[in-house]
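K.L.:
This structure is in structure tokens; I'll ask about it shortly.
The values are calculated or read from the model by the stated rules, or taken from the named source; none is laboratory data. This one's a predicted model, so the numbers in the text were calculated from it and none came from an experiment. Every residue, glycine as well, gets a Cβ built from its backbone with ideal geometry; the counts of neighbours run over all protein chains shown.
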Amino acid sequence: MFFWRRVALQSPEDDLKPTATPGYSRNFRELNDLLSRGKSFSGRERNPLFLNLKGEGFAEVGGLLGVDFPDDARAVATMDWDRDGDLDLWVTNRNAPQVRLLRNNHPAGSSSLLIRLIGNGTTTNRDAIGARLVLGQADDPEQEQIRTVHAGGGFLAQSSAVIHFGLGESANDLRLSVAWPGGKTETLSGLKSGNRYVITQGRKEFEVMPLSDPIQAPISRDEIPDTLENTVPGGLWLANRVPFPSLDYTDNTGEARTTTSSIGKPILVNLWATWCESCVRELQEFGKLDKFLQSRGATILALNVDGLALDGGALSEGTIEEILKRAGYDFPHGIASREGLAKIEMMIEFLTSRRESLTIPSSFLIDGEGYLSAIYVGEIQGKQLIKDIDLLRSPPAEQLKRATARAGRWFYNPRQIDRVAFLGDYATSFAKGGFPGESRRLSRMIKPQDGALTAKDHYNQAKAAARQGLVADAEQLYLEALRLEPEFGQALTGLGALFLVQQRVEEAENLFEKALSIDPNHATALINLAMIDQSRGQKDRALARLEKVVAKNPDYAEAHLNLGSLLASMKQLDRAIFHLSKAIAFNPKRAIAHLNLASVYMEKQLWEKAEQRYRLVRQLNPKMPYAHLGLATLQARRKLHPEAVISLRKAISLGAENAKSYTQLARSLLALGDKKGASEALLTALKIDPKYAEAQQIIKENRLLSE
Amino acid sequence: MRRNPLLDLVSFRSADGKARALGICLFGVGLCGIAFVLAGYYHKDKTSEIEANPPKLDPGLLDLNSTPGGANAIADLWSPLIKTQLLHIANAISNPDGDEISMSLADRVSIVDPQQFREEELYHGQSVRVVGLSLPEELENSALIEVDKSDFIDRIRPLLSLGSEAPEDAVHLKLFGISRNGADLSTKQRLTAEGIRGGNDFRSSAVVEATWITPTTDDPPQLTGFTLTNLVQSELTSAPTSIFKDIAGSVLGSNPAWEQLRLGMNTWGRHIEHSLNPDFLGYHGLAIGDVDGDGLEDLYLCQPGGLPNLLFRQTPDGKMTDISAAAGVDFLDNSTGALLVDLDNDGDADMAVATKAAFLVMDNDGKGNFTLRESYPEVGMGYSPTAADYDLDGDLDLFVLRYGATESDIGDFPTPHPFRDARNGGANILLENQGGFRFLDATERCGLGAGNHRFSFAASWEDFDNDGLLDVHIVNDFGPNQLFRNDGKRFKDVSVQSGSQDWGFGMSATWADYDRDGHMDLYVSNMFSSAGNQILPQSNLDTTLSEETRKKYLKMVRGNSLLRNSGSGSFSDVTDPMNEGFGGWAWGSQFADLNNDGWEDLYVANGYITQEDEDDL
């Protein structure tokens, strides 16, 4: 449950809009969105171990041998870690624990040998990468085994270069041939199992070490709790800062204020609730920091969220004032607003790509310029806050250290980002979330020295404005984008779409034609132009355009939908069915596609198929009037007039208020003997369209308006 | 009445939130008013409505006969219902006294007569015994019997050797295929069961073909047939009961850095800001090599942005000590893969690391101290670096892969196009060693530039044709893999003629002569279908495609592949899709003779993203 969902205007449904990108991109965005909300994807899969059944097949024995962890495993590397002659496995995981060392405890008695090769370093690389080894029994060439020395080769993994041969049973007289890369092939004999050999190119002698002194297994630790206690200092210090959004709140006198009025000194914005013990404890801590904060010219703003908390307790006895007084907290305080909390959630999501409910307490340290410097989830320790406020004045290198939970070195300074793009994206995220005003404010904060706003920045802003219905703003911004980059395809089509809605058809057409002249396959331009052609009755032209889009983008559901619908209107019913079905195949929940397909079935008098589709549309989107209308027609056909009446009334209430639907209603009512109802319906039909012949005819036939 | 004929297609909604739609009044037959509503229909509160009341699709009303793509509609509709039934059945087999499953079974269920199975011992080693049960060919059709639903469980259980105290989830039935069979449904599943026999750990796996009836649209599907084939039983025959044990905690645990490793991306992803590139997908690997020349192998672990990469040196007692900072390799940059190889032939292991901004090459002073010598920003966010002396001039060259080509593709979800044969990936690079830590881009010159636009994840070098020259195989996502034959300083793309393309969403490959015929064979890890179907355009079962194309696409979501080297320059796909091909979302895989019997086994790293929400997408 998120504040911003309750507050913001309906956010744009990216996934239902046709864009120039094919269906799978949309799916990836949806996936990303779901992942940021904690969903799993192909998770909890166990790692299999396939036992080689002597070359005749494999059997999965991971569970039996204890390696079938349900991790999100990634890289696998082998190494005889304990030098006991069998291969152990290192595995890295996405989830906890990030690494496992699976020590192989196969019973003693199995036999093997290990070989490390050293190249001469002149003709052959020292690591002997690429060497081919062939090991066999001197008297049985059939039983040879081959290996190649690799350096890397799996997924992000480099296994030990020490070559391992399992032998089944002990062997005494083994012969090994080594084809050195860049060198000759050398042969050695008399190798025995149970040994580790070091063989150097060109030398007859080799080192032998028996595998008789393996490392004893240390006691393994159990339990890997996934918590961060004591692992990181409190707080997330930002390497790349963003302006703190302007939060509305009510101050302690009841006045409405925003946080932007405090810009000029460091401020810690704290969210707390009266029923939250750690919050109250924290306020006490804050109380003690009075002198320190004053000396640094800093302050705290404690915003209470009691009334807004989703799953907290009720307001406890003792008002907010009392609690603050008791805690010795003497800084500014107020009541948070829903919108404010929504903005904070959005800000966190932008910064961490995680979408979660706010935790109480949470605090945000804002520097003297109004930029967010640190986020604290949970109680802050006074000592930490003191350090961090002083850190605000430290050089960037110091601050960068604080930004990582562990020490290390950067090859590429992470603060060297395209700040304009970064801040532009940040601003846009608020527009997308339903706060266009905030978005504009943040955009204006992008300073000229950060670099001028690019066409893309303007375009993003334009899109956001358009989504919020701010037509004039959007137009300005699109035009600005185009001024900077006259051939910006998406801006051209975006503005074109804007003009279309305003019925500025010719202007729109020009823009789409321009987009097309830059990219003759521009899907959005083609689809829109097809639409315009259709509205002018130039169906063949529209058809050509849509066929082109489909040819270039065979996976593009919207293109198939548009093409199928057009074909239907041109009575090319079988083709219509084909394309509408494709649209459905790519996007089965697209009600309109089913609806249009239903209409085609009606045309072909495939009543049952039509009915099934209408029912499906009704389930997918109960508010689509035409599904109800379609069903009504079919019901009337089958003389199920009571049902037809219900469907028609529903359709009418949902917006299908036209002469035809009222007339249909009248017909069914008549069939049920309700002359009065029928008359009313017909009158309404005629009111809508006084010339509507059918209605007039029914009235005449049934002598309905004798009065 | 004609509505507004104009339509917006891009993200626009009018201030009042009302729909903007294009309506074309269709045709007569008393049906006027049915609008062909084209793209862009919005309804004001649709999202919240749908969220509050997600539409339940009534399966009985969908036209199962109509159209191409209908097949996917079947899967979409029925698979959740079937999965629920399979869960009930699996639990009931594990624990017969538990939930009632009579609703899940038809009155009579047809099964393979268990008495007809013939046992064949497939393997008997030091610790494991494997037995296969199958029907003799002549009996295949006549071995079916019908049992009463009340007897069904009792007939199946004995085959799986489930203990009397088997946990409820001892049996799993994983659905991977669903099709229509007239009015009924046929499904294919893989069964796995954890049992115990004579005190020994026991596992079973089998393929199950099931049939179902759907009597009414209100009731769930009911099982009418449950045919087990390819039943394989494996048993652990030796103590200790755990052959493998994870001792990472003991080996690494005395280092503060263990605190970093014992937490995963689900946690770290929340505590590292996005602009530091903490790769949530977990693409961080490892390298093994001896960095201080003491004869003991050390370990380098790559880490996400915001956390330092870790170098651990091994001490004689087997424990490992963190020397990352002193060694100069504690990079906080997002790192994917690394190599510990001697690049200047001075006898010590130098290091190469693929980080987001650049591919780094470092010189080891022999004691485990590394100095940066070169950085290659053109191979930022490189994958699976490998080393090989491709031109046989005595020094190691480096091969680094690129996955996505554009900034937006790197580290996030890619935009491959076309989806199943994507050619807009990044370019891989072969860095030819010139000595003294200088490397030149020799990719084009040596022939590896051919088709160098794939989403490459892993490469492996192997002499597949036994001519003494190292060839290179590249595993690509969203398309076919590539095999380049080394003809002596030049490579020839033999992907097609070698039959090794293995079209799919590949992640990695591993070589070994698994059948000991003297030729190196190949095992490729891929993404597996049931998850994959979620994000594939749903046309992979489109019947308007040619049979050949359809087969290719179906193969792409089938799972891992075992490609047997024929010895004459080509490979044949000998995968048993229900066995070593049966995957999950597989990443690294590695051939290794883990039980020292002389035959190389396979370990596969599975699993994409597990988070707190139990509901898997």
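Quick grid of which residues meet (1) in a strand (DSSP E or B); (2) more than 7 Å from chain A (Cβ to nearest Cβ):
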{"position": "B:Ser568", "(1), (2)": "no, yes"}
{"position": "B:Ser572", "(1), (2)": "yes, yes"}
{"position": "B:Glu580", "(1), (2)": "no, no"}
{"position": "B:Gly584", "(1), (2)": "no, no"}
{"position": "B:Leu594", "(1), (2)": "no, no"}
{"position": "B:Asp597", "(1), (2)": "no, no"}
{"position": "B:Tyr603", "(1), (2)": "yes, no"}
{"position": "B:Asp613", "(1), (2)": "no, no"}
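K.L.:
Does B:Ser238 meet the test of being within 27 Å of the chain's Cα centre (by Cα), facing another protein chain (nearest Cβ under 8 Å), farther than 27 Å from A:Gly234 by Cα and not in a helix (DSSP H, G or I)? Lay out the reasoning, then the answer.
P.N.:
On the way: within 27 Å of the chain's Cα centre (by Cα): no; facing another protein chain (nearest Cβ under 8 Å): yes; farther than 27 Å from A:Gly234 by Cα: yes; not in a helix (DSSP H, G or I): yes.
In short, no.
K.L.:
A further question on this structure: How many residues are part of a strand (DSSP E or B) and on the phi < 0 side of the Ramachandran plot if we restrict to region A:188-209? Reasoning before the result, please.
P.N.:
Step one: of region A:188-209, the residues part of a strand (DSSP E or B) are A:188-191, A:195-200, A:206-209.
Then drop every residue that is not on the phi < 0 side of the Ramachandran plot, which leaves A:188-189, A:191, A:195-200, A:206-209.
Looking only at that region, the number is 13.
K.L.:
Hey, another quick one. List the number of the failed condition for A:Ala171; all other conditions in (1) modelled with pLDDT of 90 or more; (2) touching a strand residue (DSSP E or B) at 6+ places or on another chain (Cβ under 9 Å) hold.
P.N.:
A:Ala171 satisfies every listed condition except (1).
K.L.:
For region B:252-311, enumerate the residues that are in contact with a strand residue (DSSP E or B) (Cβ under 6 Å, 6 or more places away or on another chain) and small (Gly, Ala, Ser).
P.N.:
B:Ala257, B:Ser275, B:Gly282, B:Gly285, B:Ala287, B:Gly289
K.L.:
OK, next. Mind listing whichever residues of region B:283-328 are in contact (Cβ under 8 Å) with a residue 40 or more places away in the chain, within 8 Å of chain A (Cβ to nearest Cβ) and charged (D, E, K, R)?
P.N.:
Result: B:Lys319, single match.
K.L.:
Now a separate question. Just checking, how many residues over region B:379-389 are more than 9 Å from every other protein chain (Cβ to nearest Cβ) and either in contact with a helix residue (DSSP H, G or I) (Cβ under 7 Å, 6 or more places away or on another chain) or not β-branched (Val, Ile, Thr) (or both)?
P.N.:
So the count comes out to 2.
K.L.:
While we're here: Here is a list of conditions, (1) within 30 Å of A:Asp213 (Cα to Cα); (2) modelled with pLDDT of 95 or more; (3) in contact with a Ser or Thr (Cβ under 8 Å, 6 or more places away or on another chain), and B:Asp363 meets all of them except one; can you say which number that is?
P.N.:
All conditions are met except number (1).
K.L.:
Hey, A:Thr123 hits all of (1) crowded, with 19+ Cβ neighbours inside 10 Å; (2) more than 44 Å from the chain's Cα centre (by Cα); (3) among the β-branched types (Val, Ile, Thr) but one; which does it fall short on?
P.N.:
Result: A:Thr123 fails condition (1) only.
K.L.:
Having 1 or more residues that are modelled with pLDDT of 90 or more and surrounded by fewer than 16 Cβ atoms within 10 Å (Cβ to Cβ) is the bar; report the strands (runs of 3 or more DSSP E) wholly within region B:66-152 that clear it. Don't jump to the end; show me each part of the working.
P.N.:
On the way: elements: B:105-112, B:118-124, B:128-134, B:144-148.
Those strands (runs of 3 or more DSSP E) span B:105-112, B:118-124, B:144-148.
K.L.:
Can I ask one more? Exactly one condition in (1) touching a Cys at 6+ places or on another chain (Cβ under 9 Å); (2) farther than 19 Å from B:Ala586 by Cα is false for A:Ala75; which is it?
P.N.:
Among (1) touching a Cys at 6+ places or on another chain (Cβ under 9 Å); (2) farther than 19 Å from B:Ala586 by Cα, A:Ala75 violates only (2).
K.L.:
Here is a follow-up. Of A:Ile348, A:Ile366, which residue is surrounded by 17 or more Cβ atoms within 10 Å (Cβ to Cβ) and either away from chain B (no Cβ under 11 Å) or more than 24 Å from A:Cys276 (Cβ to Cβ) (or both)? Step through it out loud before you land on a result.
P.N.:
Values: A:Ile348 fails: either away from chain B (no Cβ under 11 Å) or more than 24 Å from A:Cys276 (Cβ to Cβ) (or both).
One residue alone meets the criteria, A:Ile366.
K.L.:
Condition first: in contact with a Cys (Cβ under 8 Å, 6 or more places away or on another chain) and in a loop (DSSP other than H, G, I, E, B). Now tell me which residues in region B:347-395 satisfy that.
P.N.:
B:Tyr390, B:Asp391, listed by residue number.
K.L.:
Looking at region A:562-573, is at least one residue crowded, with 24+ Cβ neighbours inside 10 Å, at the interface with chain B (Cβ under 10 Å from one of its Cβ atoms) and modelled with pLDDT under 90?
P.N.:
No, region A:562-573 contains no residue that is crowded, with 24+ Cβ neighbours inside 10 Å, at the interface with chain B (Cβ under 10 Å from one of its Cβ atoms) and modelled with pLDDT under 90.
K.L.:
Among the residues of region A:369-397, write down those that are part of a loop (DSSP other than H, G, I, E, B) and within 28 Å of A:Glu277 (Cα to Cα). Even if it seems obvious, please write down each step before you answer.
P.N.:
Within region A:369-397, the subset part of a loop (DSSP other than H, G, I, E, B) is A:369-370, A:378-381, A:392-395.
Selection gives A:Gly378, A:Glu379, A:Ile380, A:Gln381.
K.L.:
Let me ask you something else. Quick check: is even one residue across region B:131-149 free of Cβ contacts under 8 Å to residues at least 12 places away in the same chain and among the hydroxyl-bearing types (Ser, Thr, Tyr)? Before the answer, list the steps.
P.N.:
Of all residues in region B:131-149, those free of Cβ contacts under 8 Å to residues at least 12 places away in the same chain come to B:137-138, B:140-142.
Keeping just the survivors that are among the hydroxyl-bearing types (Ser, Thr, Tyr) gives B:142.
Within region B:131-149, one or more residues are free of Cβ contacts under 8 Å to residues at least 12 places away in the same chain and among the hydroxyl-bearing types (Ser, Thr, Tyr).
K.L.:
Mind checking which residues of region A:513-532 are acidic (Asp, Glu) and either facing chain B (nearest Cβ under 9 Å) or assigned to a helix (DSSP H, G or I) (or both)? Quick ask: steps written out before the conclusion?
P.N.:
We begin by selecting, within region A:513-532, every residue acidic (Asp, Glu); these are A:513, A:519.
Correct list: A:Glu513 only.
K.L.:
I'm checking my understanding of the structure. Among residues of region A:658-676 that are assigned to a loop (DSSP other than H, G, I, E, B) and buried (at least 16 other Cβ atoms within 10 Å of the Cβ), which one is farthest from the other protein chains (Cβ to nearest Cβ)? Steps first, please.
P.N.:
Just the residues of region A:658-676 that are assigned to a loop (DSSP other than H, G, I, E, B), to begin with: A:658, A:672-674.
Subsequent filtering for residues that are buried (at least 16 other Cβ atoms within 10 Å of the Cβ) retains A:658, A:674.
Values: A:Asn658: 5, A:Asp674: 20 Å.
Taking the candidates together, the pick is A:Asp674.
K.L.:
Which of (1) at positive phi; (2) more than 13 Å from chain A (Cβ to nearest Cβ); (3) surrounded by 24 or more Cβ atoms within 10 Å (Cβ to Cβ) does B:Phe478 not meet, given it meets every other one?
P.N.:
All conditions pass for B:Phe478, except number (2).
K.L.:
While we're looking at this one, here's another question. Of the residues in region B:238-262, how many are buried (at least 23 other Cβ atoms within 10 Å of the Cβ) and at pLDDT below 90?
P.N.:
1
K.L.:
Among the strands (runs of 3 or more DSSP E) confined wholly to region A:73-144, which include 3 or more residues that are at the interface with chain B (Cβ under 7 Å from one of its Cβ atoms) and under 21 Å from B:Tyr523 (Cα atoms)? Write out each step before concluding.
P.N.:
Values: elements: A:73-79, A:88-93, A:99-104, A:112-118, A:132-137.
Filter on region A:73-144 gives A:73-79, A:88-93.
K.L.:
Continuing with the same structure: Could you pull out the residue among A:Gly121, A:Gly85 that is free of Cβ contacts under 8 Å to residues at least 12 places away in the same chain and under 30 Å from A:Thr200 (Cβ atoms)? Let's see the steps before the verdict.
P.N.:
On the way: A:Gly85 fails: free of Cβ contacts under 8 Å to residues at least 12 places away in the same chain.
None of the others qualify; the one that does is A:Gly121.
K.L.:
Considering only residues that are facing chain A (nearest Cβ under 7 Å) and either part of a loop (DSSP other than H, G, I, E, B) or within 30 Å of B:Asp346 (Cβ to Cβ) (or both), which ones fall in region B:262-279? Give the derivation first.
P.N.:
Going through region B:262-279, the residues facing chain A (nearest Cβ under 7 Å) turn out to be B:262-267, B:269-271, B:273-276.
Those that are facing chain A (nearest Cβ under 7 Å) and either part of a loop (DSSP other than H, G, I, E, B) or within 30 Å of B:Asp346 (Cβ to Cβ) (or both): B:Arg262, B:Leu263, B:Gly264, B:Glu273.
K.L.:
If you don't mind, there's one more thing I want to ask. Is it the case, given these coordinates, that A:Ser679 is over 33 Å from the mean Cα position of the chain (by Cα), within 29 Å of A:Gln697 (Cα to Cα) and surrounded by fewer than 18 Cβ atoms within 10 Å (Cβ to Cβ)?
P.N.:
Details: over 33 Å from the mean Cα position of the chain (by Cα): yes; within 29 Å of A:Gln697 (Cα to Cα): yes; surrounded by fewer than 18 Cβ atoms within 10 Å (Cβ to Cβ): no.
Spelling it out, it is not the case that A:Ser679 is over 33 Å from the mean Cα position of the chain (by Cα), within 29 Å of A:Gln697 (Cα to Cα) and surrounded by fewer than 18 Cβ atoms within 10 Å (Cβ to Cβ).
K.L.:
A follow-up question, please. Sort out which residues of region B:342-359 are buried (at least 24 other Cβ atoms within 10 Å of the Cβ), among the aliphatic types (A, V, I, L, M) and over 12 Å from B:Gly289 (Cβ atoms), and write them in order of number.
P.N.:
Answer for region B:342-359, where residues must be buried (at least 24 other Cβ atoms within 10 Å of the Cβ), among the aliphatic types (A, V, I, L, M) and over 12 Å from B:Gly289 (Cβ atoms): B:Val353, B:Ala354.
K.L.:
Name the residues in region B:241-261 that are at the interface with chain A (Cβ under 7 Å from one of its Cβ atoms), part of a loop (DSSP other than H, G, I, E, B) and of a type outside the set (A, V, I, L, M, F, W, C), would you?
P.N.:
B:Ser242, B:Gly253
K.L.:
Would you confirm, using the coordinates I've provided, whether A:Arg83 is basic (Lys, Arg), over 30 Å from A:Asp173 (Cβ atoms) and modelled with pLDDT of 80 or more?
P.N.:
Considered against the rule, which asks whether it is basic (Lys, Arg), over 30 Å from A:Asp173 (Cβ atoms) and modelled with pLDDT of 80 or more, A:Arg83 comes out as no.
K.L.:
Please give the number of the condition A:Ala557 fails out of (1) modelled with pLDDT of 90 or more; (2) touching a helix residue (DSSP H, G or I) at 6+ places or on another chain (Cβ under 6 Å).
P.N.:
(1)
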